[in-house]
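As C-alpha cells, the structure follows; a few thoughts come after it.
All of the numbers you see were taken from the coordinates with simple rules; none came from a lab. Treat the numbers as computed from the prediction; the structure is a model and nothing was measured. Glycine gets a Cβ as well: all are built from the backbone with ideal geometry, and neighbour counts include every protein chain shown.
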Amino acid sequence: MTLQSARRIAGDKQFLTSAAAHAGITAGAAAFAGAALCGATALFLSEALNAGSGTSGPGSSGMQFADQLWRMFLLLTSLPFSGRLEAGFETIGGFVSTGDEGFTLGVWPLASLACVVLASLLGAYLLERRHPQRSGGMRAGAAAAAGAAFAVLMLLVAVPGVRFDAPGAVATVSALGPALAPFSFATVFASGWLGRSLATRKRLEVGPTRRPRGPLAHELASLATDLGIYAGALSLTGAVLGTVTLVVVFVQTGAQSALLPMLLAGAPHAGFWALILAHLGAVTVTAPYTALQGISVLSPDLPFAWISVLPVVLASLGSALVIGVGRSRTRTPDLAKIWRLPAAVFVLWMVGSLVFLPVTLSGSATVLGFTLGELELAARPAFWTPALFAVWALGVELGAWALPDRARALTPRAHAVAIRIRTQLGGSRSPASMEWAGTAPVALPSASASASASASPHQTSSLPEPRHESAGPQPQPMTARTKRRLRIVGVCTTVAVLVVTASAIAITSVNTQRGAVAKVREYVEAIAAGDATHAGELVDPNVETSQRDYVSDAMLASATERITVLDVVETELSPAAPTTSWFEEPAQESHGSGRETRNVQVTYRLGGTTESTVLAVERIENEFFVLETWRVVTPLVFESVAGTSHAMDFTIGAVAAAPGPVETLTWEGSQPVSWVPFSAYPAIYPVSGTESTFYSVASEPVRVGPVEAEHVPDRNLVYTPTDALTEAVDAAVTAMIDECVLSTDAAPDGCPFDTYVYGADTPLSWQVTSYPDVSVSTTSDRFEVEDGLASFSYTGSSGRTSTGSSPIRTTGTFTVVGGTVTIEFS
C-alpha cells in the first residue's frame, strides 16, 4: 500500500465518519424535539380530556398506551419536516366518514425545526473544525451524505403513523407527505454545508497574503451582512413581541400550567404573527360558513396592539444606522443597489408567509350520507405581507443612507455604538467604519519605495492619500448652523411622534368607549332606566305597528320591576333565533350585510333570577375616518302572552288589550283562557282586569324574557263570579221565562220548555208551576237551568180541554255590559 493510497483511505474513512456523526447529531436533535413536542401534546390532550370527561389516565391497557405514545413520538418527530398531518375518521356503518383524503392539518412546528437546524449547523461546524475535509467538494459531499441518511430516517419514522381504535369508530393520523424527504434532505444539507463553510473561513487580513474577493462575491457578502443585521434586529423584536403575546394570552385565557408547553411550542408562530401585525400587516382568519376576517393592530379586539409598532420602528432605525455606518458616504442613494435588500426580504417573506407561517385545517366529511363540502379553518398572513416587508426594507435602505450623518450630529454616542456593532459584526475595522469614526488608515509606503527614498535623500517622498469608494467630492464638516437646524428637525420630529402617539392613545381610548360592548351597554342601560325612546333610537324594536305601544316609555314606566344589568361582555355564542309567534317554531335569523359583526352577551337580573341573552352588533362606517361606530342589530325584545279566564278588556302595563273568545280546550286542560300575545322589553309588567259588582278579579303580573322550550304560561287574570252575578242571572232567567209563558205556541222560540199537540194551529196556554234553579259557571260565561216546571192547557177540535206539563231545563250564556246582565238560552 502506497502512502498516497493510505491517505486516500484515511480521507474516505474520515469523510464517512464525519457524515455519519453529522447525521447522528441531527437525528438526536430531531428525537429531542419530537419528545418535547410529544410531551407538550400529551399534557394538552390530557388536560382537555380531564376537563371534558372528568377522568384521567389512559383508557386502554398499559401496553396499548405505550404503543400509541411511541407512535405519537415518531409522528411528531417527522412533523417538522413534513409540515402536515393527514387524519381520517370513520364509524361503523359509515354514519360519519372523512372519505379517502380525510382532513389535513398544515402546520410547521418552527421551534422543533429551529432546534434541528441549529444542532445540524453546530454539529457540522465542530466536526469540520476537528476533522477538516480536503476540499469544498468533500465538505458539500459530507453534508449531502448526512442529509440523505437523515431523509431516509425520517421516511422510516413517518411510515407507522398513529391509529386510534374506539368502540364503533377508528381514526388514523399520518405525517407522510410529498415534502418530507426533499425538505429533510435540504434542511440538513444546507445547514451542514453552511456550518462546514463557516468552520473553514479564514480571519480577515490586511495585506497581500489574503486572496482578494471577486466583485460578485463582495456584493453577495455585503448583501448577506446587511440582511443579517436587519434580520437580527427583527428577530430580537419578534422575540420580545412574541413573549409579550404569550404572556397576555396565558393570563387572559386563564390557561393552566399544563398548557404552557404547548404555548411555548407555538411561540415562534406567535412571534412572527406579532411581527407582522407590528409592521401594520394583517393575519387573515378563515372559518367554515363565515366571511374572511382580518386581524390587525387597528382591530377592535386588540385595543393596545398599536404599541407594538414602536419597537419595530426603533429596530428598523437601529438596523438602518448599523448598516449605514458600514457604507461609504454618498450625496444621493445608490439606485443601482438600493433594491437588493428589499428584494431579498420580499423573497424570504414570500417563502415564509406561503409555506411556514400558515396554519390550516381542511378537508371534507360525510354525515349520514350527506357531504358537508370542502371545509377549511385557517390562519395565515395576508397575501400582501411580502410586499409590505419589502417597503419597510426600502425604508431601512433609505435610512442607511440618511441616518449616519444625522446621528453623528445629534447623538454621537448612538453613532459610536453603531460603529462598534458594525466593527464587531465585520470581524475587523472596515474602511467605511473607520471613515465614519474619523480614523481612516493612511497607505504606507512599500519596502521598495523606502529603499528608493533612502537612496535619494533629496527626493521628496509623498504618502498616498486615503482612497474612498464614494465618487465626487468629500462632504465638508457640518457647521454650527447646520447642526442647529438638524436639532430643530429632530425636536420637531420628536414632537410629531409624541403628538401621533398621544393621538393614537386618545383614539384608542375613545374607540374603547365606542366599541361593540359599549354600544350594547348603552342600549341595555337605557332599557333598565325605562328610556324606551333612546333604546328605540339605538335599534328598532322590529315589532308591528299595532305592537308599538308595548315598547314605549309608558310601558316601561308601568313595569313593577325592570332589569338590573350585571355584565356585558363579548362572546363567541350566537344570538338565539327569534320566534314568529309564541306558539310557532323558531325562525332562523341571519345578518348577511357582509360587515364586521360581534356577538355580545348581556347578563341581567329580573325578579330575583339571572338571565343571559346574546345580541349581534354590526360595525358601520367610521366617523372622521378613525372613530369606530357600531350598531346593535338584535333588539332586546321578547314575545310574551297574557291570559285571562274571561273575554273582558284588561290592561297589560299601560296598554289596553281586548281578548278574543275564550278557548275551552287549552294547554291547561279544562281551564278556559283567552291569550293576548305582545312583544315588549324584558321587565315584569302588571296585568289589571275589569273590576265590577259581578266579578272579583285575581291578577298576576306577566314576566317578559327568554322562554324555555317546555314553558306553559299561566293565566294572569282569573275572574270569580259573585253572588250578585248569580242573582242577576237568576232574575234574567225568571224574566225570560215569564215572557215565554205569554206565548201560545207549543214550542216557544228561544224558551226552555216545549210540548207537542195535534194540530199546528192549536193555541196553548202556558203558566209556570215552579221556577227552575239557576247555577252560574265559575270559569266561563255560561249558566245552567234545571228543576223547573211549566204547565199548559189547550182545547182540542172536539171541544175537550187537555192539560200537561214540561220541565224547564236548558243551558245558556250571559253577557255583562256595564251593570246589566243579558242572557241567551242555548
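On full extension, the segment bounded by D165 and F624 gains 159.3 nm, given 0.36 nm per residue less the C-alpha separation.
Calculated FRET efficiency, R485 and A287, Cβ-Cβ r, R0 51 Å, to nearest 0.05? The computed FRET efficiency comes out at 0.40.
Report note on the peptides 686-699, 642-655: ranked by the mean count of other C-beta atoms within 10 Å, highest first, their order is 642-655, 686-699. I'd like the distance between the alpha-carbon centres of region 753-809 and region 591-658, rounded to an integer number of Å. Using only Cα atoms to place each centre, the spacing works out to 63 Å. The protection proxy used here, the mean number of other Cβ atoms lying within 10 Å of each residue, ranks peptides 360-367, 520-527, 402-409 as follows, highest first: 520-527, 402-409, 360-367. For A683, nonlocal amide neighbours, meaning residues 5 or more places apart or on other chains whose placed amide H falls under 5 Å from its own, are V704. Phi angles across region 390-399 convert, under the Karplus curve 6.51 cos²θ - 1.76 cosθ + 1.60 with θ = phi - 60°, into 3J(HN,Hα) values of 5, 5, 4, 5, 5, x, 5, 4, 5, x Hz, Gly and Pro given as x. Phi-derived couplings, Karplus 6.51 cos²θ - 1.76 cosθ + 1.60 at θ = phi - 60°, listed residue by residue for region 689-704: x, 8, 7, 8, 5, 8, 9, 9, 10, 10, 10, 10, x, 9, 9, 9 Hz, with x used for Gly and Pro.
Counting charges near P160 (Lys, Arg +1; Asp, Glu -1) among other residues having Cβ under 12 Å from its Cβ returns a value of +1. Taking amide hydrogens as placed 1.01 Å from N in the peptide plane, the amide H of F304 sits under 5 Å from that of no residue at least 5 positions away in sequence or on another chain. Summing +1 for each Lys or Arg and -1 for each Asp or Glu among the other residues whose beta-carbon sits under 15 angstrom from that of G195 gives +4. Scanning residues 5 or more positions from E596 or on other chains, those with amide H under 5 Å from its amide H are R619, with H placed 1.01 Å from N in the peptide plane. Across region 139-146, rounded Karplus estimates of 3J(HN,Hα) from the backbone phi angles (6.51 cos²θ - 1.76 cosθ + 1.60, θ = phi - 60°) give 5, 5, x, 5, 5, 5, 5, 5 Hz, Gly and Pro being marked x. Towards the positive end of the charge dipole of region 219-402, with charges on Cβ (+1 Lys, Arg; -1 Asp, Glu), say which of S362, A378, L241 has the farthest Cα. Comparing the listed Cα positions along the dipole, L241 ranks first.
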